1. Can you return the aspartates and glutamates within cross-link range of K158? Criterion is Cα-Cα under 16 Å, with same-chain partners fewer than 8 residues away left out.
2. Let me know the charge dipole size of the stretch 73-200 about its Cα centre in debye, to the nearest 20, where only the beta-carbon of Lys, Arg (+1) and Asp, Glu (-1) is charged.
3. Round to a whole angstrom and tell me the spacing of the C-alpha centers of the stretch 104-143 and the stretch 77-91.
4. If I fit a long axis through the Cα atoms of helix 159-168 and take the longest principal axis of the Cα atoms of the chain, what angle between them do I get, 0 to 90°, rounded to 10?
5. Averaging sequence separations of C-alpha pairs under 8 Å and six or more residues apart, then dividing by the length of the chain, give the relative contact order as a whole percent.
6. In debye, nearest 20, what is the charge dipole magnitude of the stretch 101-168 about its Cα centre with +1 on Lys and Arg Cβ and -1 on Asp and Glu Cβ, if you could check?
7. What's the ranking of 72-85, 42-55 by average number of surrounding C-beta atoms within 10 Å, highest first?
8. Just flag the chymotrypsin sites (Phe, Trp or Tyr not before Pro) in the stretch 142-228 sitting in loop per DSSP whose Cβ has no more than 12 other Cβ atoms within 10 Å.
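Every read-out reported here was derived from the displayed coordinates using simple, explicitly stated rules and does not represent laboratory data. These numbers were taken from a predicted model, which means no experiment stands behind them. Heads up, the Cβs are rebuilt from the backbone with ideal geometry, glycines too, and the neighbour counts pull from every protein chain shown.
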Amino acid sequence: QAANKQRQSQGQEQKSFARAPKPVATANATANGQHADLSFDELGLSTELSSLLVAPTSENGMGFIRPTLVQSRAIPALVDGRDVLIKSQTGSGKTLAFGLPIINSLHRREERISRSSGLRALILSPTRELCYQIMQVLERVSKPFHWLIIGSLIGGEKRKSEKARLRKGFNVLVATPGRFQDHLKNTQTLGDTLRKGTLEWLVLDEADRLTDPGFSKQIESILDWIDENVKTEERVRTQTVLCSATLSSEVKELSNRSLHDPVTIDIDPAEA
Ligand code: ADP
Ligand code: MG
């Protein structure tokens, strides 16, 4: 099995999974966990997207060989329109497990998504650093689909400049709960944008941290705000994904509150 792993210094334990005896030249990236037997073209993604994943990095591709196990299970369910609860260890490739179906659904429209098409996807992650990483991954895989506008609300800059970018409009937004809630209270554009009911995707990443006391109130109030302010009959269905490394009772509670008839993907770290 040709799954090449170069350990990244994420301070994680090295996991045993199928590896080629010698590194394969095209695969530069690393996933901490298992890889699937499926290939990227078997997941229901567009040909453009799946070929980008395996193209060498020298050609602006991702240089991957095959999906990780969590990607191989989550992507088909998400492409199929289901809500998904993903539990798998850190480093197993969850970002693309939700990122690919989102980009996939947005780029293959008859009528092209543009800045004025409204907010289509919201990804909430606990820290600025994590949001930034998600942004980078999404920007890389959406490079061929340059008309999709991806942005962030993570602080570290003046609220005013975030406001200005909000007014121009995003299709995909990565945000920390605190900054998002802040804008929900103080920036009329964000509320107005959400009220249009265009939100097709909601991701709660690192749910085990989002359920920490500091975040859970913010998450609750964001979810409540959406329920109260975006009228069901006027909005598209929001497909929701919850990612976590553990399934604590708090995560299960958040899952019950936010997911509709979800597919649960629970990757045991020891699974072959
Ligand atoms: P998680 O969110 O589960 O902690 P990430 O999405 O951050 O994991 O991915 C961890 C690492 O795995 C990243 O460096 C990413 O580039 C890499 N990766 C993701 N998918 C694959 C894949 N299919 N093949 C090889 N490496 C991958
Ligand atoms: Mg992650």
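1. Output for K158: D182.
2. Details: 23 positive and 11 negative charges, 67 e Å.
Roughly 320 debye, rounded to the nearest 20.
3. Cα centroid to Cα centroid, the span is 17 Å.
4. In the chain, helix 159-168 runs at an angle near 90 degrees to the longest axis.
5. Details: 496 pairs, mean separation 56.1, N = 272.
That works out to 21 percent.
6. Numbers: 15 positive and 6 negative charges, 66 e Å.
About 320 debye.
7. On the way: 72-85: 20.9, 42-55: 17.9.
Ranking the peptides 72-85, 42-55 by packing returns 72-85, 42-55.
8. Working: sites: F145, W147, F170, F180, W201, F215, W225; in loops: W147, F170.
Within the stretch 142-228, no chymotrypsin sites (Phe, Trp or Tyr not before Pro) qualify (loop, at most 12 other Cβ atoms within 10 Å).
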